[in-house]
Amino acid sequence: MRKSILLVQMLLCSMLLISCSVPERTNQGNEPEEVLSGINISIYNDNSIKPQPELFDVESEADLLSTTVREIENADPAPVTIPTIDEINRILILEFTYEKKGETTSKTDYYIMIWDNSEKYYIKKFTMTRDFYYDKYDERAKEKILQSVGSDNWRSILPLTILTN
């Protein structure tokens, strides 16, 4: 009998120790890092019958991705006023797709980039919504796109290597 009581006490003591132990926590620093996996470049094209913006290029080469990020980070930090609608030659959308190990897409950032008739380039981070999609791109669509993205926080930038390669 004494052995039974001792066995029960040891069992209860073991259960108590297990239930009071602190569970192992995952260290936030051990989480997989978000890595830029690709950049989709879309362009608004007024000579196209495709929905706009249309995908122009997809880049996934690591060196070119890091170069593009560095070039955007090195853009002039001072906000600038963009040219008038008549002076804007092209509008591009840059979609940066980030992945974590085990996830297809963890995050997406969007930049809108314009250049004017005098080959000056401007860029702005923005939130992509359905307001930026059109069946047909024309001057009226261009005006709506620029109104939707707003006139604040534009930065002057040099031509991106990703566009000149």
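The values are calculated or read from the model by the stated rules, or taken from the named source; none is laboratory data. Bear in mind that the values here come from a model prediction, so they are computed numbers and not experimental data. When we count neighbours, we look across all protein chains shown, and the Cβ atoms used for this are built from the backbone with ideal geometry, even at glycine. The accessibility values were calculated without ligands, DNA or RNA, using every heavy atom of the protein model including side chains. Shrake-Rupley method; radii C 1.70, N 1.55, O 1.52, S 1.80 Å.
All conditions in (1) touching a helix residue (DSSP H, G or I) at 6+ places or on another chain (Cβ under 9 Å); (2) open to solvent by less than 30 Å² (accessible area, probe 1.4 Å); (3) among the hydrophobic types (A, V, I, L, M, F, W, C); (4) within 26 Å of residue 36 (Cα to Cα) hold for residue 146, with the sole exception of (4). When the test is whether a residue is within 15 Å of residue 53 (Cβ to Cβ) and in contact with a strand residue (DSSP E or B) (Cβ under 8 Å, 6 or more places away or on another chain), residue 111 passes it. The C-beta contact set for the stretch 143-165 (first residue touching a residue at least 24 places away in the same chain (Cβ under 8 Å), second residue part of a helix (DSSP H, G or I) and of a type in the set (A, V, I, L, M), distance under 8 angstrom, 6+ apart or interchain) comprises 143/85; 146/85; 157/72; 160/72; 161/64; 162/64; 165/64. Contact annotation: residue pairs with Cβ atoms under 6 Å, 6 or more positions apart or on different chains, pairing a residue in the stretch 105-123 that is in contact (Cβ under 8 Å) with a residue 40 or more places away in the chain and surrounded by 12 or more Cβ atoms within 10 Å (Cβ to Cβ) with a partner that is in a strand (DSSP E or B) and acidic (Asp, Glu), are 106/99. The set of residues in the stretch 81-104 that are open to solvent by 40 Å² or more (accessible area, probe 1.4 Å) and of a type outside the set (Ser, Thr, Tyr) comprises 85, 86, 87, 89, 90, 95, 99, 100, 101, 102, 103. Residues of the stretch 124-138 that are open to solvent by 100 Å² or more (accessible area, probe 1.4 Å), of a type outside the set (Val, Ile, Thr) and free of Cβ contacts under 8 Å to residues at least 60 places away in the same chain: 125, 130. Just one residue in the set 48, 106, 42 is modelled with pLDDT of 95 or more and over 14 Å from residue 157 (Cα atoms); that residue is 42. Among the residues making up the stretch 102-116, those that are among the charged types (D, E, K, R) and not in a loop (DSSP other than H, G, I, E, B) are 107, 109, 116.
Among the residues of the stretch 49-101, those that are more than 23 Å from residue 119 (Cα to Cα) and in a loop (DSSP other than H, G, I, E, B) comprise 49, 50, 51, 60, 61, 100, 101. Those residues that are surrounded by 16 or more Cβ atoms within 10 Å (Cβ to Cβ) and closer than 22 Å to residue 154 by Cβ, I need them from the stretch 51-66; list them, please. Across the stretch 51-66, the qualifying residues are 52, 53. A single entry from 95, 71, 87 fulfils the requirement of being modelled with pLDDT of 95 or more, among the acidic types (Asp, Glu) and closer than 17 Å to residue 147 by Cα: 87.
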